[in-house]
Amino acid sequence: MASALWRLDGVTMPGRGRPRLDRLTAEIPSGVTAIIGDSGAGKTTLLNLLVGFEQPGTGNVDSFLDAENAPPLAWCPPDDGLWPHLTVQRHLELVAPHAGVMIDSILRDFDLEGLARAEADRLSAGEAARLSAARAVASGARVLVMDEPFVHVNPAREERYWAAVRTASEERRGSLVFASHQPEIVLREATHVLCLDEGRLIWQGPVQTLYHEPPACDVARFLGPINWFEDGEASRWLGATAEGAVRVRPEKLSLDVSETGPHFVEEARFCGGVAVADLRHETSGARRRVYHRPVSDSLRRGMRVALRAALAGLLAILVCGCDGSSDGPSVQLPVSEVHSRSLPAEEGFLPAPRAMTFGPDGMLYVLDDAGRVLVYDSEGELARRWRMPESDVGNPEGICVLRDGRVCVADTHYHRCVFFDEAGEFLGTFGENGEGPGQFIFPCGVVQDSQGNVYVSEYGGNDRIQKFTEDGECLMQFGSVGTEPGQFQRASGLAWHDGTVYVADAINNRIQAFRDSGEFDRIVNRAGSADLDYPYDVAVQDESLYVVEYKAGRVSRLSFEGEVIGRFGSTGRGENQFWTPWGLAVNSQGRIVVGDTGNRRMVEIVP
């Protein structure tokens, strides 16, 4: 998976009537990322945060831009941000990093050569937009951030200008982050997408996944029309038998005129690459609208038709009964019951769980994004709660109950670990901001071994594991940032078992094992074994590993050799589904509790 450019953690931006952004947690990877949503969804606010034009009201925005060999970023704001007294050519000359930049070529790419001597305040809206984009390209920046850059440009020429941006970014091996409300642009230009609606992050992930395998109908429509047949409807409308919902994009659905067709056309419209028809099913009288490939003959009211879904469109459209993995069919975890519960409300909003662990006494300790520690008894009742000393900057991401009964919390955005007693009384801290021994950038995972030593994982450009005494004295460190064996990209959850430390190496999509001496042992899910998709947390129970996968929305149980024993869940917002889960805990009876963060609930899986 691509490395992160930015990470946003629980970001809220106040607004009139409702927040402009509402507790948004997301990562912006390198490559091409689109921010899509209607007007007022929060796209501009999000981009403003990325470039530092605004600061979050609450939460945290972390930047990992590398400015070593080029300017870190160039920004095309919605008002173009031009200098009104300067000419078009002077705009490019001032930002060009060296004389070798081909100013004349960039002017031609954006059809500005005839306006080179014109001052910016004389330009039309479309010309100003092209100049803003040309200036960004001329800067040589490795990351371009663009807020609907060509919305005022002649549509017939727009693709040419996008091609110029794309080519420049590819030549310098750079990244592009842009906002748009047009699905066709996102599909053509982006590989990753964030979907916003009224300030809330609805979905994030690969564009192709959202287009071909969307988790829900309302999410699918961010990338254009879709035919979503609920459970049982496929038989009526498609003549196909399927368990669960079926999703078919318009290019996979044909509408054939047939004297024996089971549907009547009530209205039909040709819309270019997609046609729309309102149909009535003859036998049941049911009505629905379908989006399909245009037909050669004009459709008229009263015609009999049949719907045909392309085979390729039906191979992967069952929402229920598959886990969305790419490594073939997998064994499902044996499950007898599944229960979900919300966390206690906090000042008018519903907090989301993050990390969790079981204590030796069977109590469940939970961290949430309201800066609280919640403790539940074996019956699932809230026994006690307390607050972190501070949480305005961000919230903690790791928790462990030590063998002496103290609770150790990785206080991520305060660069420290915090000790509490069993009742929640503050006892002290260890660590501070920095990259040296005993210091942290963003500590996020914590676990204790049988000798009492405490291991803390860390991300934020200084990814590593540090080993401490029970009192917080640093003993050693191991690992570094990178993609090689023994290196990490966002070292996350930790587990310890029989002399081995297991690390969820999230962005590298793997679990790594180290001896507790710090010596690298192995990559657990080596080539040919289990595929993992952004593993965020790991636990050990019953001589096996339990892994929660942030991107795949599932729990995987693996052998210590990396073979899949069973899996449960898929990405979504329904039953038996998870949305960006952060943490999990497993007790001695095999009871699994998942922090279903994006769905703001805890899910208990009973074997």
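Every number in this text was worked out from the coordinates using simple rules, so none of it is lab data. Just so you know, these numbers come straight off a predicted model, no measurement behind them. FYI the Cβ positions are ideal-geometry reconstructions off the backbone, even for glycines, and counts take in every protein chain you see.
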Within the chain, helix-based [θ] at 222 nm, where runs of 4 or more DSSP H residues each add -39,500 (n - 2.57), nearest 500: -3500 deg cm²/dmol
Expressed in angstrom, Rg and Dmax over the Cα atoms of the stretch 227-314 are 12.0, 34
Can you work out D for the stretch 4-223 in µm² s⁻¹ from Stokes-Einstein, where Rh is the Kirkwood radius over C-alpha pairs, the temperature is 25 °C and the viscosity is 0.890 mPa s? 138 µm²/s
Quick calc, residue 172 & residue 119: beta-carbon distance into FRET formula, R0 45 Å, rounding 0.05, result 0.95
State, to one decimal in nm, how far the label point of residue 284 lies from the label point of residue 152, with both points 7 Å from Cα in the Cβ direction. 5.0 nm
From the alpha carbon gyration tensor of the chain, can you work out the equivalent ellipsoid semi-axes (sqrt of 5 times each eigenvalue) and give them in Å, largest to smallest? 43, 35, 21
List the relative contact order of the chain as a percent without decimals, with contacts defined as Cα pairs under 8 Å and 6+ residues apart. 9 percent
Within the chain, longest stretch free of exposed trypsin sites (Lys or Arg not before Pro) [DSSP loop, at most 11 other beta carbons within 10 Å]: 302-607
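Grab the Cα-Cα distance for residue 451 and residue 83, subtract it from 0.36 nm times how many residues apart they are, and report the gain in nm with one decimal.
Gain on extension, residue 451 to residue 83, equals 126.1 nm.
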Step through the residues of the stretch 75-82 one at a time and calculate ³J(HN,Hα) from phi using the Karplus curve (6.51 cos²θ - 1.76 cosθ + 1.60, θ = phi - 60°), rounding each to whole Hz and writing x for Gly and Pro. 10, 10, x, x, 9, 6, x, 7
By counting other Cβ atoms within 10 Å of each Cβ, how are 364, 24 ranked from fewest to most? 364, 24
Quick one: what do you get for the stretch 155-199 if you divide its Cα Rg by 2.2 N^0.38 Å? 1.26
Compute the FRET efficiency between residue 385 and residue 160 as 1/(1 + (r/R0)^6), taking r as their Cβ-Cβ distance and R0 = 56 Å, and round to the nearest 0.05. 0.45
Taking other Cβ within 10 Å of each residue's Cβ, how do 496, 83 sort, fewest first? 83, 496
Provide 87, 167, 283 in ascending order of the number of other Cβ atoms located within 10 Å of each residue's Cβ, fewest first. 283, 167, 87
At a threshold of 8 angstrom on Cα-Cα distance, excluding pairs fewer than six apart, so keeping six or more, what relative contact order does the stretch 45-142 reach in percent? 37 percent
